[in-house]
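Only one structure is covered here, and it is reproduced in the block below.
None of the figures in this text is laboratory data; all of them are computed from the coordinates on show. Note that the structure is predicted; figures quoted are calculated from it, not measured. Here the Cβ positions follow ideal geometry from the backbone for every residue, glycine too, while neighbour counts run over all protein chains shown.
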Amino acid sequence: MICPNCGAEQPDGARFCNQCGTRLSEQVVTAVQLTCPRCGYVNPEGSKFCGECGAPLVGSPQQPPRRRTQVVLHFVSRTGSIIRFPPNPTNTWLIGREDPVSNIYPDVDLTDYDPDRTVSRRHARITLSAGNQPTIVSLTTTNWTRINGTRIEAGQPVLLCTGDQIEFGRCAVTFEIANAPTDE
């Protein structure tokens, strides 16, 4: 199994990524070496987080320093254009359509990708949790928000995964999340 957040290979049976702590959607059992002080689960050598409960593994073997990374979010339009999420220390982005008259400037502006103007000015909000789990909340019911063809209710958070097809009205994009090196 591969972690959907950091891409690290996970042992069979893990419920949390042993590198970044992200909850894994599938339960997958292997020979392992590190025992979690919280739940007693035996984890593979080199694990930083428990694969059972997600707790940090104190005293795990020292890894060589790795380059720090940050999570990067973006959309891919139908034409293949990359729509980048700007850096935001709150890890929350308003998705919508710019309207200078109303003084509305969303963090991720889909105006250029929505010739029919079906994207609301404040259409949805995407938030990245402390565990790097992206969620989307539709803020409008006028032209709906759909994830992989399924309409989501306004105000109800929905977990996003890389490759999800999102429709804001008739504006369709593909959601992607990746890790990128940071400048230290």
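Label sites at Ala178 and Asn88, each approximated as a point 7 angstrom past Cα along Cα to Cβ, lie 2.0 nm apart.
May I ask you to derive the FRET efficiency for Ala55 and Arg78 from their Cβ-Cβ distance with R0 = 41 Å, giving the value to the nearest 0.05?
0.45
Less than 5 angstrom separates the built amide H of Arg122 from those of Arg97, all sequence-distant by 5 or more or on a different chain. Computed from the Cβ-Cβ distance with R0 of 41 Å, the FRET efficiency linking Asn103 to Arg23 stands at 0.60.
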